[in-house]
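Here is the structure we will look at, set down as structure tokens.
The values are calculated or read from the model by the stated rules, or taken from the named source; none is laboratory data. Here the structure is a predicted model, which is why all the values come from computation and not from measurement. Quick reminder, even Gly has a Cβ in these numbers, built from the backbone with ideal geometry, and neighbours come from all protein chains shown. All accessible areas refer to the heavy atoms of the entire protein, side chains included, with ligands and DNA or RNA removed. Shrake-Rupley method; radii C 1.70, N 1.55, O 1.52, S 1.80 Å.
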Amino acid sequence: MKEWITVVITRELKALRREIESYPTESDLWEVRPGITNPGGNLALHLAGNLQYFLGNVLGKNGYVRNRDAEFGDKDVPRAELLREIDSALAAVENGMRTISEADLAKPFPEKVGGVNSTTGAFLAHFATHLAYHLGQVDYHRRILTGEAKTVKAMTLTELGDKAS
């Protein structure tokens, strides 16, 4: 299960990277339309910060300090910086997941989150679905702005390899 969760989170982050690369312009990453409060740029910052903190710092002890307000408040961050943050999140996932065992999935997650205690496995499954949820929002944001139906193939089973079976 640990390996499967790692592969799914990694797949989603790689898809997020493709989404951010697919925006035609950097300003498009930050455009807000009626009914949409978080543009693609802020969602990318949020996902990268979230994973760097919880998987990188809480599990992997990498020292990452999260600034959640900046994830939603910063604007006009260059695309190259967003991509660096996503790459840092990928490294944090690899590092954090390396520190736990399959048996650790049944143990409590080391930190209470949102006032909730859960097992590490349940929390990691939550992270995978949280990431997929926001990835879908980024995809729709980009499509609304561009008018394109073009996909970045975010949910490909081939990226799961033999873990999909």
- Message: Show me the ranking of peptides 38-46, 78-86 by mean Cβ neighbours inside 10 Å, starting with the highest.
- Response: 38-46, 78-86
- Task: Quick one: accessible surface of T119, probe radius 1.4 Å, all protein chains present, in square angstrom to the nearest 10.
- Result: 50 Å²
- Query: Quick one: length gained pulling M1 to R84 fully straight, 0.36 nm per residue minus the C-alpha distance?
  - Reply: 27.1 nm
- Note on the structure: Ranked output for segments 123-131, 103-111 by mean other Cβ atoms within 10 Å, highest leading, reads 123-131, 103-111
- Task: Report the far tail of the P(r) of the range 13-165, meaning the percent of Cα-Cα pairs longer than 25 Å.
- Result: 31 percent
- Percent carbon-and-sulfur accessible area, the chain, ignoring ligands, DNA and RNA, probe 1.4 Å: 55 percent
- Message: Using only the alpha-carbon atoms, how far is helix 2-22 inclined from the longest principal axis of the chain? Give it as 0 to 90 degrees, nearest 10.
- Response: 10 degrees
- Message: If you scale each eigenvalue of the Cα gyration tensor by 5 and take the root, what three semi-axes come out for the range 54-113, rounded to whole angstrom and sorted largest first?
- Response: 26, 14, 8
